[in-house]
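Below: the structure, in structure tokens.
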Amino acid sequence: MQLPDSASRRRFIAADATVVAIFVLIGRNEHNSSSQIVGYLATVAPFLMAIAVAWSIPVVRRSPITPTSGLIVWVSIVILGMTFRRVIFDGGTATPFVVVATIFNGVFLLGWRLFASSRARRPDRGMPLG
């Protein structure tokens with residue numbers, strides 16, 4: 001298997017960050033949270049920090065589109081993101097929020113990896129990893 005180059009890795013990290021950014025945007029919009037950029041950044045920051053931690057793990061950097069990497073990023077976002085949100089940002093971690101975050105991020109973090117890995121296996125539409 002070919003290792004991803006740094007440009008591909010950045011795109012994959014951006015895909016994870018986009019999933020989280022969209023989740024936060026939808027959630028803030030659904031709950032009529034103020035549209036202030038500071039509030040949005042305070043909400044998304046703990047989850048982006050969790051992505052950074054997950055991407056520091058060698059298996060995620062080495063094989064970013066595998067289910068294992070997806071699970072690591074997903075679990076990191078849920079566990080670390082919620083912990084950072086509660087401890088560092090003094091944000092809420094109500095059970096319904098955790099459940100919705102777990103489901104939404106799981107579906108989309110694993111979903112884009114499933115899509116990318118299926119395209120990488122197709123000789124006519126392979127995703128360049130190197």
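The values are calculated or read from the model by the stated rules, or taken from the named source; none is laboratory data. No experiment lies behind these values; they were computed from the predicted model shown. All Cβ positions, even for glycine, are placed from backbone atoms using ideal geometry, and neighbour counts span all protein chains on display.
Restricting Arg28, Arg61 to residues that are under 15 Å from the mean Cα position of the chain (by Cα) and surrounded by 16 or more Cβ atoms within 10 Å (Cβ to Cβ) narrows the list to Arg61. Where helices (runs of 4 or more DSSP H) sit wholly within the range 11-120, those with at least 1 residues that are at pLDDT below 95 occupy 37-55, 58-62, 67-75.
Evaluate the range 9-22: report whether one residue or more is closer than 23 Å to Arg85 by Cβ and touching a Lys or Arg at 6+ places or on another chain (Cβ under 9 Å). Scanning the range 9-22 turns up at least one residue that is closer than 23 Å to Arg85 by Cβ and touching a Lys or Arg at 6+ places or on another chain (Cβ under 9 Å). Taking the condition crowded, with 21+ Cβ neighbours inside 10 Å, hydrophobic (A, V, I, L, M, F, W, C) and closer than 18 Å to Phe104 by Cβ, does Phe47 pass? The answer is yes for Phe47.
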